[in-house]
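Encoded as structure tokens, the structure appears first; notes follow it.
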Amino acid sequence: MTLAPVQDPRHRRAELAIVAVAFVWGSSFVIVKSALSDVSTFLFLGLRFTLAAILLAIALRHRLSNTSGSAVAWRGGLISGGLLFAGYAFQTSGLRYTTASRSAFITGLFVVLVPLLSSAVKQVRPHKAELLGAVCALIGTSLMTSGDLNLKPNKGDLLTLGCSFAYSGHMLAVAHYSRRSGIERLSVFQIAFVALFAWLAVAWAETPHIVWSGRLLFALAFTATFATALCFLIYTWAQRHTSASRAALLFALEPVFAGLLAWLFAGDSWTGRALLGAALILSGIVLVEVKPSWASPHQDG
């Protein structure tokens, strides 16, 4: 079983860039989990994405002056930003009630959902490998997220599951609009819209609180600069040169990185049941992309 050969060297560079992004995002679970002790959810997101949008706008100010295709970029930024905000809102809220490693693996389900949603949008039947992968991932999620024989996920697990659906939609939206507008404008606009939605949520959906601490300042600096401004610019560029499903497969490394780092630095435990669940999730992810010979190639844009 092999992936389709990649001829254009830009594809290889793009996929190596996505692996680097997956590592940075995987490392951010532990950092954000710690910072949430000092700040409310939407206030943290508002500060993070506002700072990231300012940094990107300054860094790309000369390239943003070209207004050609700006209408498409605005529309793409609004749609992508809305989905991205929903994903981060679910994920960050869920991190209050579940562990960093469990959050990362449940978030990783978007890797399976991307090709299934792509098939639904294009009104084509999903491959058998995709359906089998989804079943493996569902069983694995039940094993990872339940602490009893009734397989009842906790509140944080359910919130994080909503995050995986939002991220799936976001990946498809970026794959669509990155080919129709400048990646610089799309990157800035989607991050700016996330910041806007976060500040609206601060006003309407929570009682904001903040305790300035070293770990909070570090989390804001790291997530705004590296995990948001830099990573989303790289990711938006890379998505132009590979398919959404191939990118999703590479992002399967994100929960692996997160789980290892959470085990090393945050003391998250790994039971035999959790390891089996994680293995099934990763198996489902691989089945989606590394299709057997009886499955025809799945192309997406």
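The values are calculated or read from the model by the stated rules, or taken from the named source; none is laboratory data. This one's a predicted model, so the numbers in the text were calculated from it and none came from an experiment. With ideal geometry, Cβ positions are generated from the backbone for all residues, glycine too; neighbour counts draw on all protein chains shown.
Taking residue 226, is it part of a helix (DSSP H, G or I), surrounded by fewer than 18 Cβ atoms within 10 Å (Cβ to Cβ), in contact (Cβ under 8 Å) with a residue 60 or more places away in the chain and in contact with a helix residue (DSSP H, G or I) (Cβ under 8 Å, 6 or more places away or on another chain)? I'd like the intermediate steps shown before the answer.
Working: part of a helix (DSSP H, G or I): yes; surrounded by fewer than 18 Cβ atoms within 10 Å (Cβ to Cβ): yes; in contact (Cβ under 8 Å) with a residue 60 or more places away in the chain: yes; in contact with a helix residue (DSSP H, G or I) (Cβ under 8 Å, 6 or more places away or on another chain): yes.
The answer is yes for residue 226.
Can you name every residue in region 230-259 that is assigned to a helix (DSSP H, G or I), modelled with pLDDT under 75 and polar (S, T, N, Q)?
Correct list: 245 only.
Are there any pairs, at least 6 apart or on different chains, whose C-beta atoms fall under 7 Å, with the first in region 255-276 and of a type in the set (Gly, Ala, Ser) and the second in a helix (DSSP H, G or I) and at pLDDT below 70, and if so, which?
274/144
Taking the condition small (Gly, Ala, Ser), assigned to a helix (DSSP H, G or I) and within 27 Å of residue 259 (Cα to Cα), does residue 82 pass? Let's see the steps before the verdict.
Details: small (Gly, Ala, Ser): yes; assigned to a helix (DSSP H, G or I): yes; within 27 Å of residue 259 (Cα to Cα): no.
No.
Can you name every residue in region 49-67 that is touching a residue at least 24 places away in the same chain (Cβ under 8 Å) and assigned to a helix (DSSP H, G or I)? Outline the logic, then answer.
Going residue by residue through region 49-67, those that are touching a residue at least 24 places away in the same chain (Cβ under 8 Å) are 49-53, 55-57, 59-60, 63-64, 66.
Correct list: 49, 50, 51, 52, 53, 55, 56, 57, 59, 63, 64.
Hey, residue 97 hits all of (1) in a helix (DSSP H, G or I); (2) more than 18 Å from the chain's Cα centre (by Cα) but one; which does it fall short on?
(1)
Given 118, 70, 93, 101, which one is surrounded by fewer than 19 Cβ atoms within 10 Å (Cβ to Cβ), small (Gly, Ala, Ser) and either under 22 Å from residue 23 (Cβ atoms) or touching a residue at least 60 places away in the same chain (Cβ under 8 Å) (or both)?
Numbers: 118 fails: surrounded by fewer than 19 Cβ atoms within 10 Å (Cβ to Cβ); 93 fails: surrounded by fewer than 19 Cβ atoms within 10 Å (Cβ to Cβ); 101 fails: surrounded by fewer than 19 Cβ atoms within 10 Å (Cβ to Cβ).
After ruling out the rest, the residue left standing is 70.
Quick check: anything in region 178-188 closer than 18 Å to residue 92 by Cα, crowded, with 22+ Cβ neighbours inside 10 Å, of a type in the set (A, V, I, L, M, F, W, C) and over 16 Å from the mean Cα position of the chain (by Cα)?
Filtering region 178-188 for residues closer than 18 Å to residue 92 by Cα gives none.
Within region 178-188, not a single residue is closer than 18 Å to residue 92 by Cα, crowded, with 22+ Cβ neighbours inside 10 Å, of a type in the set (A, V, I, L, M, F, W, C) and over 16 Å from the mean Cα position of the chain (by Cα).
Only one residue in 161, 253, 186 is over 22 Å from residue 15 (Cβ atoms) and of a type in the set (A, V, I, L, M, F, W, C), so which one is that?
On the way: 253 fails: over 22 Å from residue 15 (Cβ atoms); 186 fails: over 22 Å from residue 15 (Cβ atoms).
Result of the check over 161, 253, 186: 161.
Return yes or no: is residue 211 hydrophobic (A, V, I, L, M, F, W, C), modelled with pLDDT under 75 and surrounded by fewer than 23 Cβ atoms within 10 Å (Cβ to Cβ)? If you could, list the steps in order and put the result at the bottom.
Details: hydrophobic (A, V, I, L, M, F, W, C): yes; modelled with pLDDT under 75: no; surrounded by fewer than 23 Cβ atoms within 10 Å (Cβ to Cβ): yes.
Answer is no for this residue.
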